[in-house]
Amino acid sequence: MGVEEIVLLNADDEAVGTAPKIASHHEETPYHLAFSCYAVDAAGRVLITRRALGKRTFPGVWTGSCCGHPGPGEKLRDAVLRRLRDELGVPGAELTSVLPRFRYRAVAADGTVENERCPVVRAIVPAGGALRLDPAEVEQADWWPWERCLELAERPEASPWYRLQLAELAPLGAPLDWPDAGRAELPPALAW
């Protein structure tokens, strides 16, 4: 497998190049493309994960179901489905764009910066089936009721992006009720 590349963005969210993912995350991380995903089951529970303790950035924090970086030319839905499958063993899902304009910048305790245009996607997943966690990515994963997800957003062990996203998701109601925000406000560098 080759070196994973991230898509670098300008201030207008247009692609301006690529860079190796691992070498790009440091104290002056360039602005780049990412995504976050919240997997929801038919009962409205959300799959919440704890990042692996060996992760380079924000190890051990609790966050949404999965996140990642679309590769150069990769569509958002393909990137989300890839991470759901590879990180969690989820074979497929019905995807909805929920927060297409989400962007954040966060600094980890070691000074590493996350600086991302990070559309948020809901994935309604089929019932049943055991999760297959990639231990390099995920320490733990559990299905939580929405109320517990909201409580986590008030706690320091939650990732900074999770806390910011929940501030925007909470007013939308329960996860199964989140409206489709469409694709028009996705960054120009990212096709659905």
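The values are calculated or read from the model by the stated rules, or taken from the named source; none is laboratory data. What you are looking at is a predicted structure, and each value in this text was computed from that prediction instead of being measured. A quick note on method: Cβ atoms are made from the backbone with ideal geometry, for glycine too, and the neighbour counts reach across all protein chains shown.
Here are some notes:
For (1) over 18 Å from the mean Cα position of the chain (by Cα); (2) within 17 Å of Val40 (Cα to Cα); (3) loosely packed, with under 13 Cβ neighbours inside 10 Å; (4) aliphatic (A, V, I, L, M), each residue gets a yes or a no:
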site: Leu131; (1), (2), (3), (4): no, yes, no, yes
site: Pro135; (1), (2), (3), (4): no, no, yes, no
site: Leu152; (1), (2), (3), (4): no, yes, no, yes
site: Glu157; (1), (2), (3), (4): no, no, yes, no
site: Tyr162; (1), (2), (3), (4): no, yes, no, no
site: Ala167; (1), (2), (3), (4): no, no, yes, yes
site: Gly173; (1), (2), (3), (4): yes, yes, yes, no
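- Failed item, numbered, when Asp86 is tested on (1) of a type in the set (D, E, K, R); (2) more than 25 Å from Leu8 (Cβ to Cβ); (3) part of a helix (DSSP H, G or I): (2)
- Under the condition of being without any contact (Cβ under 8 Å) to a residue 60 or more places away in the chain, assigned to a loop (DSSP other than H, G, I, E, B), over 16 Å from Glu139 (Cβ atoms) and not aliphatic (A, V, I, L, M), the residues counted in region 89-105 number 2.
- The set of residues in region 5-24 being out of contact with any Asp or Glu (no Cβ under 8 Å at 6 or more places or on another chain) and free of Cβ contacts under 8 Å to residues at least 40 places away in the same chain consists of Leu8, Asn10, Ala11, Val16, Gly17, Ala23, Ser24.
- Scanning region 148-178 for residues that are free of Cβ contacts under 8 Å to residues at least 24 places away in the same chain and either farther than 15 Å from Trp62 by Cα or of a type in the set (Gly, Ala, Ser) (or both) yields Ala153, Ala167, Ala170, Pro171, Gly173, Asp177.
- In region 181-190, residue surrounded by the fewest Cβ atoms within 10 Å (Cβ to Cβ) [restricted to those that are touching a Lys or Arg at 6+ places or on another chain (Cβ under 9 Å) and of a type outside the set (Gly, Ala, Ser)]: Glu185
- Residue in region 54-77 that is surrounded by fewer than 21 Cβ atoms within 10 Å (Cβ to Cβ), part of a helix (DSSP H, G or I) and modelled with pLDDT of 95 or more present: yes
- Inside region 1-42, residues that are within 12 Å of His69 (Cα to Cα), in contact with a Cys (Cβ under 9 Å, 6 or more places away or on another chain) and in a strand (DSSP E or B) make up a count of 4.
- Flag for Val113 being modelled with pLDDT of 95 or more, hydrophobic (A, V, I, L, M, F, W, C), out of contact with any helix residue (DSSP H, G or I) (no Cβ under 6 Å at 6 or more places or on another chain) and surrounded by 15 or more Cβ atoms within 10 Å (Cβ to Cβ): no
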